[in-house]
Structures are given as structure tokens and as C-alpha cells.
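Okay, structure first, notes after.
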Ligand code: FAD
């Protein structure tokens, strides 16, 4: 049996590794000539970590992960702590550590695990067709690939999604802009072993440790869509948006490198329930695009990969049947993640300022119990428990 995987991102590479592990031949086609992931880093929560562990990357992943032993919120303007608690109860409950990693390093680990020389770069799919017994993908260079089935992991702007759904879906702007990057750890800004977040006015500034003595940082600001983007004004823009904020935030703005700081207008897609058309299946952001507010988009793609491979390996009624079972096992789970993230997004970014003010207030009495319980529920809803 041979699979064609379209897209060499987190979803595509995880599924290529998973399918190959279950004895299926795999060819991977990636549009770009060189991978440049959007975003500097990513938090892989234990549900995602368990999937990568199961795919044989436990040791390699551990080396990339930062030590996120504590979590803390601070008032953005005064800098005063609102709450701080240990992540140990979460680790204890779910049996695995969260793993914040630099994206380029995660991407390299996935590609190297599959075999870099086997990923076919510079191959942009423009058309997909099905014959009675297989699939044909046509690329923009007029070449074609054939296989028994096709996994469309071509991301949030997926062209294959339109083929599967027979309609084009618009992405929904979530109402805020996110700047992110990596910076050397400076304990004057935040403790090295803590996920630290400053909040106020529907904005946030967050720092998460990754390996190599670096913080993954991000700034969120509610803004209209379509404002001009200009690297040369990144520091001035952030200084303006965070005027009057606490000293660590000012120090962070001073420390960032605008040339490696990404600016992303955050979107998601209304959840839908068709991921499969015959022998073609959507996976990752192509199937479920979410805001990053609970850090689960990439983790969900890893879950998809594990479920896809195990469903194909454990059923005997044919490929089309197995793909429909994959769809049945994933639709509700990912819908839940997208809607949870959207809800969190709205509270964090002051869609209703009164609700956000209540949340800020509730943080003052947060012991960690409520926050960690919510995270554990999300994590334990994954395919590996
Ligand atoms: P992508 O990573 O987008 O990969 C798709 C690949 O397909 C790309 O390499 C692209 O070049 C290729 N491609 C596209 N079109 C074609 C074509 N026609 N032919 C061939 N190849 C094609 N998730 C988490 O789990 N934790 C986090 O902390 C987190 N933080 C985030 C922060 C931000 C700011 C953002 C924007 C997202 C975050 N996410 C996070 C979500 C995560 O990045 C995505 O869910 C994940 O990258 C999806 O992987 P994917 O492989 O489905 O898509």
C-alpha cells in the first residue's frame, strides 16, 4: 500500500512517520524549496508529546524541550504577580511533561526522522484526482505522483480542502495580531523555568523557556486586520502598544531582534465534519485550523497522524472504510479543541471587556487547580490518554 502525503509541516511529517511505521510506503511532497515555519516556537502539550513518543522521537524531543516547571500571570502595567503555581500536578496526572520547542528544531527533527533526502521539496500540488483504485496528484511543474490514498496536510490555506468539501471555506479573523520570536533568557525579564504571562487591556506578553537558554516570546494585541507590516517599525510598534507596561515588558521589547520576529494575524476556520472524500483525507490545519490560544493546533495534527496510522493498520475493510473511521475518531475531538481555543481567545483578548476583567480578577485567587484541571482535561482527551 502506498500513501502520498502532501505537505512537509508538522502534520505531514508526523503522518509520514506514523504511516511508514505501520508498514505503508510513503512519498512526501512539499511545496516550498526550503522550510521556513511560521512562528518561532511551539508548546507541545503532553497529548502531542505522547504521540511523538509513540512515533519513536522521545529522546530527540526531550533534548529540544525547555523546562516549564512553573506558570505565572502578572498584571501588565504594575508587573505585580497575580498567580504562580507549579506544573508538577499536571505532569503527575497526565504522565508526561509539556515540551516547548523552537519550531525550526521540531521541523528538522521530524524531517530527519523520516529521512530528509526522501522529502520532495519544490512540489506544489495543484490538482488531485481519484481513479477507481487510487489517487493522482498533479504538481505545478506538470509532474504527477500516484498512490493508493492521499493525505492532505497542506495547512490552513489547503487547496485540497476545497476538493474534499466541494466548496471554498473562508478563514475567520480572530481579532488580534501576534508577534513572536526567540530571545536569550534574561532572569530580569522572567524566571528561566517558568511560563510567564503579563496581561492587561486584552493584550498579553508571554515568555516560555525552550532549550539552548532561550525564551519563546509572544505579544498579542487586539487590532483590525490588514494593518501594514514593516520589520523596521516592530520595536516602535510594540513600544507604542505596550506604553506604560511593566519594566520586564520594556526590557523584552528592547531585547528582541526585529529581523527574526514574526507578525501573524490570527485566524481559525469554523469546524466542519467532512475530512475524507474516497481515498483523500485532510489532516492537521487543512482539516481544523485553530487560533493558538490553547496551543493545540500542532498537537492535534500529531494526534491525527497517530489515529490515521492506527486506524489503517487495525481495520480490514479497505482504505476508504479506514479513512472514514479516522474521520469519525477525529471530528468531535478537533471541533472541541478549535472551539475551546476560540473561547479562550475571546476571554484573553477582551472581546467582552467585562468578562476579561472578571478573568483578570479571578487570577488573583487562582491556586493552579482550575487552570491545570482544564489543561488536563484537554490533554487526556487525546488518543493516547
Ligand atoms: P503547516 O505547518 O502549515 O504545514 C503545511 C505544509 O504544507 C507547509 O510546509 C506548506 O508549505 C505545505 N503546502 C501548502 N500548500 C501545499 C501544496 N499545494 N502542495 C504541497 N505542499 C503544500 N500549535 C501547537 O500545538 N502549540 C502551539 O504552541 C502553537 N502555537 C502557535 C502559534 C502561532 C502564532 C500559530 C500561527 C500557530 C500555532 N500553533 C500551535 C498551531 C500550529 O502551528 C499548526 O497547527 C501546525 O503548524 C499545523 O501543521 P500542518 O502540518 O497541518 O500545517
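Quick note: the coordinates plus some simple rules give every number you see, no bench work behind them. Everything numeric in this text was worked out from a predicted model, so none of it was measured. Don't worry about glycine lacking a Cβ; one is built from the backbone with ideal geometry, like all the others, and counts go over all protein chains shown.
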Within segment 195-213, considering residues that are surrounded by fewer than 20 Cβ atoms within 10 Å (Cβ to Cβ) and more than 19 Å from the chain's Cα centre (by Cα), the one farthest from residue 104 (Cα to Cα): 201
Name the residues in segment 254-291 that are within 30 Å of residue 134 (Cα to Cα), touching a strand residue (DSSP E or B) at 6+ places or on another chain (Cβ under 6 Å) and assigned to a helix (DSSP H, G or I), would you? 286
Which of (1) within 16 Å of the ligand (Cβ to nearest atom); (2) within 30 Å of residue 53 (Cβ to Cβ); (3) touching a helix residue (DSSP H, G or I) at 6+ places or on another chain (Cβ under 9 Å); (4) not in a helix (DSSP H, G or I) is the odd one out, the single condition residue 208 does not satisfy? (3)
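Tell me, please, whether a residue that is in contact (Cβ under 8 Å) with a residue 40 or more places away in the chain and within 20 Å of the chain's Cα centre (by Cα) can be found in segment 246-261. Outline the logic, then answer.
Just the residues of segment 246-261 that are in contact (Cβ under 8 Å) with a residue 40 or more places away in the chain, to begin with: 246-249, 251-252, 255-257, 260-261.
Filter again for within 20 Å of the chain's Cα centre (by Cα), leaving 260-261.
Yes, because at least one residue in segment 246-261 is in contact (Cβ under 8 Å) with a residue 40 or more places away in the chain and within 20 Å of the chain's Cα centre (by Cα).
Looking at 111, 42, which is the one that is within 10 Å of the ligand (Cβ to nearest atom) and within 20 Å of the chain's Cα centre (by Cα)? So that I can check it myself, show each step before the final result.
On the way: 111 fails: within 10 Å of the ligand (Cβ to nearest atom).
None of the other options fit; the residue is 42.
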Would you be able to say whether some residue in segment 297-315 is in contact with a strand residue (DSSP E or B) (Cβ under 6 Å, 6 or more places away or on another chain) and outside any helix (DSSP H, G or I)? no
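Looking only at residues in segment 1-16 that are farther than 13 Å from residue 284 by Cβ and surrounded by 24 or more Cβ atoms within 10 Å (Cβ to Cβ), which one is nearest to the ligand (Cβ to nearest atom)?
4
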Can you tell me which residues in segment 115-132 are within 14 Å of the ligand (Cβ to nearest atom) and in contact with a strand residue (DSSP E or B) (Cβ under 7 Å, 6 or more places away or on another chain)? 119, 120, 123, 124, 125, 126, 127, 128
Free of Cβ contacts under 8 Å to residues at least 60 places away in the same chain, surrounded by 18 or more Cβ atoms within 10 Å (Cβ to Cβ), under 17 Å from the mean Cα position of the chain (by Cα) and within 14 Å of the ligand (Cβ to nearest atom): does that describe residue 98? yes
Looking at (1) surrounded by fewer than 17 Cβ atoms within 10 Å (Cβ to Cβ); (2) in a helix (DSSP H, G or I), which is the one condition that is false for residue 338? (1)
Residues located in segment 138-159, provided they are farther than 12 Å from residue 279 by Cα, surrounded by 16 or more Cβ atoms within 10 Å (Cβ to Cβ) and out of contact with any helix residue (DSSP H, G or I) (no Cβ under 6 Å at 6 or more places or on another chain): 139, 145, 159
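I'd like to check which strands (runs of 3 or more DSSP E) are fully inside segment 1-107 and have at least 1 residues that are under 26 Å from residue 364 (Cα atoms).
Working: elements: 2-6, 25-29, 41-44, 70-75, 81-86, 99-102.
By residue number, 41-44, 70-75, 81-86, 99-102.
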Of (1) surrounded by fewer than 16 Cβ atoms within 10 Å (Cβ to Cβ); (2) in a helix (DSSP H, G or I); (3) touching a helix residue (DSSP H, G or I) at 6+ places or on another chain (Cβ under 9 Å), residue 234 satisfies all except one. Which? (1)
For segment 56-95, which positions are surrounded by 19 or more Cβ atoms within 10 Å (Cβ to Cβ) and over 22 Å from residue 249 (Cβ atoms)? 57, 61, 64, 65, 87, 90, 94
